[in-house]
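For reference, the structure discussed in these notes is given below.
The values are calculated or read from the model by the stated rules, or taken from the named source; none is laboratory data. All figures in this text were calculated on a predicted structure; none of them were measured in a lab. Because the Cβ atoms are built from the backbone with ideal geometry, glycine has one as well, and the counts that use them run over all protein chains shown. All accessible areas refer to the heavy atoms of the entire protein, side chains included, with ligands and DNA or RNA removed. Shrake-Rupley method; radii C 1.70, N 1.55, O 1.52, S 1.80 Å.
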Amino acid sequence: MLSFDVRLLTHSDIPACMHLKDAAGWNQTEADWRNLLALAPDGCFGIDCDGELRATTTAVCFGRELAWIGMVLTQREYQRRGLARGLMKHAIQYLRNRSVAWIKLDATELGVPLYERFGFLEKGRIERWIRPMGAASSIRSSAGRYAPDADLDREAFGADRSPLLNILSGIESASIAGMGFAMGRPGSLATYFGPCVARSASAARDLAAWFLHRHAQREIYWDILAANTDAVEIARELGFERGRELVRMALAGVKDPSPLRNHDALVFATAGFEFG
């Protein structure tokens, strides 16, 4: 077992963070790391060993209702030496010191045992659907200029994530008045569709068609809560195929927290494994 200290990540660590991310085969970009540091400057942690960054974890707070843990990465040669466990312990304590009611994450099957040891429980499955580059969608879309809908997003997500949406909406976004919105961003492997929150399946389908029309010549990733069967059917109709599956898990951050009032049926695409 290694002896190590946890420290805060800074913008100067982004190249090393990208090296860890690339080795894991993940889709995040330098911009995603910058956004994480902007949203959680005190919640992005790393461990150095032998003079180099070897492991990372991020914890983004959405008020005191919810926090999201992501980017749990360890260089292969340093795995099974306690680095991920040490970072998780540090991140959870950081969030409990902030009295965050609920802590969530999306876990790979390999990561589930680690998180279960900290008391995380499975809350559902999340699936990555993939569409190869191809013909543009022939479905006409009525999506127009993005307009924030904080009430709809809070109802769907269960917490105020307007700082995150403010960042992501500046990359690529659209709305259908009164019915929902969708966003997207570049990835290192594929263009990413999400988040998408909508009051109906037809509105979500319309928003997905808007995105496909713009990115037909790129592979597209779309992360869907498996329980949202409408989202699954739309993805299948639009030429996506199911890829990997992760486990959505939750941990109480305080004693006897109030239930998180989220409405997953309104969530047609998540914001990514690092954002929730």
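General observations
- The chain: angle of helix 83-97 to the longest principal axis, Cα-based, in degrees nearest 10: 80
- Computed over region 125-267, the range of Cα coordinates on each principal axis works out to 52, 32, 27 Å, biggest value leading.
- Between Ser188 and Arg140, the FRET efficiency estimated from the beta carbon spacing at R0 = 35 angstrom works out to 0.65.
- log₁₀ of I(q)/I(0) at q = 0.13, 0.16 Å⁻¹ - region 1-51, Debye sum with one point per alpha carbon: -0.32, -0.49
- Selection among Val247, Ala235, Ala216 by position relative to the dipole of region 216-262 gives Val247 as farthest towards the positive end (Cβ unit charges, Cα centre).
- Glu219/Ile171 FRET efficiency (R0 25 Å; Cβ-Cβ; nearest 0.05): 0.90
- Rounded percent of accessible protein surface that carbon and sulfur make up, the chain, 1.4 Å probe: 49
- Compactness of the chain, taken as the C-alpha radius of gyration over 2.2 N^0.38 Å, stands at 0.98.
- Take every pair of alpha-carbon atoms less than 8 Å apart whose residues are at least six positions apart; their mean separation over the length of the chain yields a relative contact order of 24 percent.
- Added length on full extension, which subtracts the Cα-Cα distance from 0.36 nm per residue, Arg80 to Glu245: 57.1 nm
- Rounded if a/c under 1.5, otherwise prolate or oblate - region 1-95, Cα gyration tensor axes: oblate
- Placing a label point 7 Å from the Cα of Ala24 along the Cα-to-Cβ direction, the residues of region 236-268 whose backbone N falls under 16 Å of that point are 244-249.
- Ratio of the Cα radius of gyration of region 91-206 to 2.2 N^0.38 Å, where N counts its residues: 1.28
- Pairs of Cα atoms nearer than 8 Å and 6+ residues apart set the relative contact order; for region 80-225 it is 28 percent.
- Residues whose amide H comes within less than 5 Å of that of Lys123, counting only those at least five positions distant or on another chain, are Arg248, Met249, Ala250 (H built at 1.01 Å from N in the peptide plane).
- Estimated at 0.36 nm per residue, the fully extended path between Arg98 and Leu110 surpasses their Cα-Cα distance by 1.5 nm.
- With the cut-off at under 20 Å, measuring from each backbone N in region 256-276 to a point 7 Å along the Cα-to-Cβ line of Ala226 picks out 263-276.
- Mean Cα-pair separation over length for region 1-130, i.e. relative contact order, pairs under 8 Å, 6 or more apart, %: 22
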